[in-house]
Ligand SMILES: [Zn+2]
């Protein structure tokens, strides 16, 4: 069965064909570690985690490499470190650790590699040197700039007009620029700013070149999938393409570009000034959003209920619904066996451009069937584990004080009740039916035996 993905570069859904099925490679832009990640930052983490899981399922775990970088050299970091009076290293290390913990709490696998800019400096300098040698970049007053007119394909990802690009990139006019669109590859640092030696003096790289160099170092000159939020499409991804393809004589950086949509909160753009800015950590650990704490897997399930390319409205209602779903499911799944195979229809939905709402509809179909059969149960459990929205290893704590039931107990009670009925001990049979009823289990006697379902 094929995998299709929507390729932003082509503006259409395409059949996914990896360069090397034995080494499928994906790069996703990671965080700039100067502050807690907000819930909008969680969206690409969750979306590309599901894609990572799907690729591992299709091509085999050892044949997929997922790189998600950590940007630990950037001007926002310098500003925040000064503001907080902490060292840059303390700020970036602490923030990166929180980000990794948040991603784990959201039920996301660790990427194969999480490279840092500070560990990639020789490769960054070498790539800039190649761009200068290829006449795609020039040196001016201690800066190195990418010369946009040197790349006739510039703009092919975002498909914007020159005017739109200049407006979108918030182009700064500087005397050393040959062209207003030219962007920074390297800039000088003063003694209070982090810096590295380079052929152009003591300085530091610009943000865009960092991703190009980390991608090249860990995934090679050309790889399969490059992902990130839609807000990164321009100028960041456009510039990554210009740099990498300029350094690699036009070889395409990535064959498939994927972008997740925007996130808003309760119908409004999330912003600190509107007071609806919400971090992953606040959702997980503080009673801020809807006055409640939320389990990471509830957050993940809520995120997956909208297709990744659509805008998502992050609401308390959405989280309440996701939690109630997980509570219903976990009541019967705890301790139950899971099937070896993934449900075919679920897999079909995910293979269709990561149609997670479609996948969840399949799960609802299993659940809403008039009576949940043991096979449905096994399929459901396998699917939830696959998506990383369920945990069996400990008592489920999607909500406080929740009592977990297990299926074998229900099955045993039904068997006992049937034995009692056979012995015409109807008082005992009724007692057991009542006991099941307090467990919110309804039973029905039919020609092929007794079936049961969970009632809410
Ligand atoms: Zn990037």
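Provide the packing ranking of 27-36, 336-345, i.e. peptides ordered by the mean count of other C-beta atoms within 10 Å per residue, highest first.
Going from most to least packed, we get 27-36, 336-345.
Quick one: angle between helix 75-84 and the longest Cα principal axis of the chain, in degrees between 0 and 90, rounded to 10, please.
70
I need the Debye-formula profile for the chain: one equal scatterer per C-alpha, no solvent, reported as log10 I(q)/I(0) at q = 0.07, 0.09, 0.11 1/Å, two decimals.
Evaluating at q = 0.07, 0.09, 0.11 Å⁻¹ gives log10 I(q)/I(0) of -0.43, -0.67, -0.92.
I need to check one value: relative contact order of the range 164-263, counting alpha carbon pairs closer than 8 Å and at least 6 residues apart, in percent.
25
According to the square roots a ≥ b ≥ c of the eigenvalues of the Cα gyration tensor, what is the shape class of the range 209-345, taking rounded for a/c under 1.5, prolate for a/b larger than b/c otherwise, and oblate for the remainder?
It is oblate, given that a/c is not under 1.5 and a/b is not larger than b/c.
For the chain, find the longest principal axis of its Cα atoms and tell me its angle to the long axis of helix 121-133, 0 to 90°, nearest 10.
In the chain, helix 121-133 runs at an angle near 50 degrees to the longest axis.
Using the 10 angstrom Cβ neighbour count as an exposure proxy, how do 272, 381 rank, fewest first?
272, 381
Kindly identify the range 18-260 as rounded, prolate or oblate by the Cα gyration tensor criterion: order the square roots of the eigenvalues as a ≥ b ≥ c, call it rounded if a/c is under 1.5, otherwise compare a/b with b/c, prolate if a/b is larger, else oblate.
Oblate is the answer for the range 18-260, as a/c is 1.5 or above yet b/c matches or exceeds a/b.
Taking only the Cα atoms of the range 407-454, how large is their convex hull per residue, in Å³?
64
Order of 217, 422, 76 from fewest to most other C-beta atoms within 10 Å?
The order, fewest Cβ neighbours first, is 422, 76, 217.
In percent, how large is the relative contact order of the chain, given Cα pairs closer than 8 Å and 6 or more residues apart?
Relative contact order comes out at 16 percent.
Order of 56, 351, 89 from fewest to most other C-beta atoms within 10 Å?
So the ranking, lowest neighbour count to highest, is 89, 56, 351.
Between the helical axis of 356-368 and the dominant principal axis of the chain, each derived from Cα atoms, what acute angle in degrees is found, rounded to the nearest 10?
Once rounded, the angle reads 10 degrees.
Read the figures in this text as sums done on the coordinates, not as results from a lab. This one's a predicted model, so the numbers in the text were calculated from it and none came from an experiment. So basically every Cβ, Gly included, is an ideal-geometry build from the backbone, and we count neighbours across all protein chains shown.
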